[in-house]
There are 2 protein chains.
Amino acid sequence: MTSLARGLHVIRAFAGVDRRLTIADVSRATGLTRAVVRRCLYTLRELGYAASDGRTFRLQPRILSLGYAYLATAPLPIAAQPVLTELSERIGEATTVGVLDEGTVVYVARASTQRIMSVTLGVGSRLQAYCTALGRVLLASLPSAAAAAALAREERVAHTRFTVTALPQLLAILEEVRAHDYALNDQELEIGLRAIAVPVRNVVGATVAAMNVSAQASRLSRRELIETVLPALRAAAERLGAELAP
Amino acid sequence: MTSLARGLHVIRAFAGVDRRLTIADVSRATGLTRAVVRRCLYTLRELGYAASDGRTFRLQPRILSLGYAYLATAPLPIAAQPVLTELSERIGEATTVGVLDEGTVVYVARASTQRIMSVTLGVGSRLQAYCTALGRVLLASLPSAAAAAALAREERVAHTRFTVTALPQLLAILEEVRAHDYALNDQELEIGLRAIAVPVRNVVGATVAAMNVSAQASRLSRRELIETVLPALRAAAERLGAELAP
DNA sequence: CGTCGCGGTACGATAATCGCACGTAACGAG
DNA sequence: CTCGTTACGTGCGATTATCGTACCGCGACG
């Protein structure tokens, strides 16, 4: 059904920087003709998912009900939330469970501490896989060829002076992740931000998600992350995995 | 565009209790023909928004990207998050900003403390308006007739022995909310849970959202909520409102 | 062994979708 | 100030994808 596919494509077009888009804006962003975009936006407005101010359109909160349909029923986010909350309390840092969606990591559950951080992330947030601990764990769980292909498809930018963007180097890192069964991100996404992640394997051993702990670099050294945080993180990931049917 | 509307309807059909639905299940839940549902689900699967296990279908995390398109760009959640985080740190309790979507309240931003609560709620969560402090503030901001109509349309169940479900009583409560400019929910949603909410008014004075503080009844009395929490809540709501264009 | 409900398929009728062309508004150069 | 240019949203007939009914095979259940 092309209309459904196009409508969803239109919704996603709003994920960019601008919040108010004209029909022509969406047309450019999606590659759909202006007439198609117009019909989509009119339909979305009729259904209450979007609203218009003269020539510009914007999404409405009702859009959240679509994601809620997933969050409220999918086994992974439901099982993950209490585990993360408990882990976050114990460690005193923010924790996340994410899954891979083509080159990006999608946060499906999160427990954050109250400390204000410059990156404001929550459930539904999307980050490119190549430069996050979560993403590298998830990429490492794929067959080498698939991981390489996923990396090659993505546009890789250096967010900080530590960010690794070169393909061979990234593949070597994935090998390391496979060997140690964890990934450590040291300020590659943002200066002052460190994260460590491990895979979440279900009862038959398939990696279905990844779990991380992220913290300000000033509060936790690389060493502390590996020696103190990693064991607790592994235990939590294992506990979650045991609850997940194949 | 009927296909788009039907597809979104299908997605929302998953919001119920069961997570895995057959074509016939969705057909019953939506009132759409099985053939239509089949085409919708096949399209969603093709696009990666759903997956199938033989006869049953389930949503995939990619669905979250639709809600993220709103969260990442809409002014309200963006402006609300830091205000809530700050308020939550000061009060030491969970805080929320929500908006009205036909008889239900949709959470668009939230800052929670680490304490585990029986109700696990996050951004995107939906609760019926009649039995929450947020909902009553939002209903009170509507013209009386519209509020009464919205209340009458909803099916009202008593979640606890304190829940008010009678229409005349609810309308009287809304009057009270209008008079005092805040709503207090004392264990009507769940035993042991109290919440207080105030409207968030934008720069031209229109109520565009509501903000609440919710806490375990054992930690905060009604009196403390009104005398200690309410002033801080009002200040935060005002600060947020000042950032919101008409 | 019959019945029921399920998912899949086929196909003519129909209604939704397409893409072009039009009118309009904003803008800049002359 | 005016005219040419550009980009926008919109309307409309032709077209095509979509609809829903009917039917088939299958498995579960009584």
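The values are calculated or read from the model by the stated rules, or taken from the named source; none is laboratory data. What you see is a predicted model; the values in this text were computed from it and never measured. Cβ coordinates were reconstructed from backbone atoms using ideal geometry, including for glycine residues, and neighbour counts include every protein chain displayed. Areas reflect the complete protein model, heavy atoms only, side chains present, ligands, DNA and RNA absent. Shrake-Rupley method; radii C 1.70, N 1.55, O 1.52, S 1.80 Å.
Can you list the distances in nanometres, one decimal and ascending, from the A:Asp53 label point to the identical position in each other copy, with the point 7 Å along Cα to Cβ?
So the distances to the same position in the other copies read 4.5 nm.
Put a label point 7 Å from Cα along the Cβ direction on A:Glu102, then list its distances to the equivalent points in the other copies in nm, shortest first.
3.0
With the other protein chains left in place, how much accessible area per residue, in square angstrom, belongs to the range A:2-65 at a 1.4 angstrom probe?
Accessible area per residue, the range A:2-65: 49 Å².
Return the long-range amide H neighbours of A:Arg156 (sequence gap of 5 or more, or a different chain), with a cut-off of under 5 Å between placed amide H atoms.
Here the answer is none, since no amide H 5 or more places off falls under 5 Å of that of A:Arg156.
As an exercise, identify the trypsin sites (Lys or Arg not before Pro) in the range A:161-238 lying in DSSP coil whose Cβ has no more than 14 other Cβ atoms within 10 Å.
A:Arg161, A:Arg219
Grab the alpha carbons of the protein assembly as shown, take their convex hull, and tell me the volume per residue in Å³.
Taking only Cα atoms, the protein assembly as shown has a hull volume of 154 Å³ per residue.
Determine, from the Cβ-Cβ distance of B:Arg153 and B:Glu175 and an R0 of 22 Å, the FRET efficiency 1/(1 + (r/R0)^6), rounded to the nearest 0.05.
Approximately 0.65, to the nearest 0.05.
Is the C-alpha gyration tensor of the range B:124-246 telling us rounded, prolate or oblate? Criteria: a/c under 1.5 is rounded; beyond that, a/b larger than b/c is prolate, otherwise oblate.
Since a/c reaches 1.5 but b/c is at least a/b, the shape of the range B:124-246 is classed as oblate.
If you plug each phi of the range A:125-142 into the Karplus form 6.51 cos²θ - 1.76 cosθ + 1.60 with θ = phi - 60°, what whole-Hz ³J(HN,Hα) values come out, in order, with x for Gly and Pro?
So the J values, rounded to whole Hz, are 4, 10, 10, 5, 5, 4, 10, 10, 5, 4, x, 5, 4, 5, 5, 5, 7, 7.
Rounded to two decimals, what is the ratio between the C-alpha radius of gyration of the range B:2-65 and 2.2 N^0.38 Å?
Taking the Cα Rg and dividing by 2.2 N^0.38 Å, one obtains 0.96.
Taking beta carbons within 10 Å but only from partner chains, what does the mean come to for residues B:11-17?
Other-chain Cβ atoms within 10 Å of each residue's Cβ, averaged: 5.
Show me, for the range B:37-53, the HN-Hα J-couplings you get by feeding each phi into the Karplus relation (A = 6.51, B = -1.76, C = 1.60, θ = phi - 60°), rounded to Hz, glycine and proline as x.
4, 4, 4, 4, 5, 5, 5, 4, 5, 4, 8, x, 8, 9, 9, 10, 10
Using amide H atoms built in the peptide plane, which far-off residues or other-chain residues are under 5 Å from A:Val200 H to H?
A:Val208, A:Ala209, A:Ala210, A:Met211
Apply the Karplus curve 6.51 cos²θ - 1.76 cosθ + 1.60, θ = phi - 60°, to the phi angles in the range B:236-242 and return the couplings in whole Hz, x for Gly and Pro.
Working through the residues one at a time gives 5, 5, 5, 4, 5, x, 5 Hz.
Using only Cα positions of chain A, each an equal point scatterer, no hydration layer, compute I(q)/I(0) via Debye at q = 0.13 Å⁻¹ and quote the log10 values to two decimals.
-0.87
Loop only by DSSP, 12 or fewer other Cβ within 10 Å of the Cβ. Give me the GluC sites (Glu not before Pro) in the range A:128-205 that pass, ordered by residue number. The partial results should precede the final answer.
Values: sites: A:Glu154, A:Glu155, A:Glu175, A:Glu176, A:Glu188, A:Glu190; in loops: A:Glu154, A:Glu155, A:Glu188, A:Glu190.
Answer by residue number: A:Glu155.
Distance between the C-alpha centers of the range B:36-72 and the range A:134-198? Whole Å please.
With the range B:36-72 and the range A:134-198 each reduced to a Cα centre, they are spaced 27 Å.
Find the sum over both chains of the accessible area lost when B and A are paired, probe 1.4 Å, and report it in Å² to the nearest 100. Let's see the in-between values first.
Numbers: alone 13160 and 13170 Å², together 21370 Å².
For B against A, buried area totals roughly 5000 Å².
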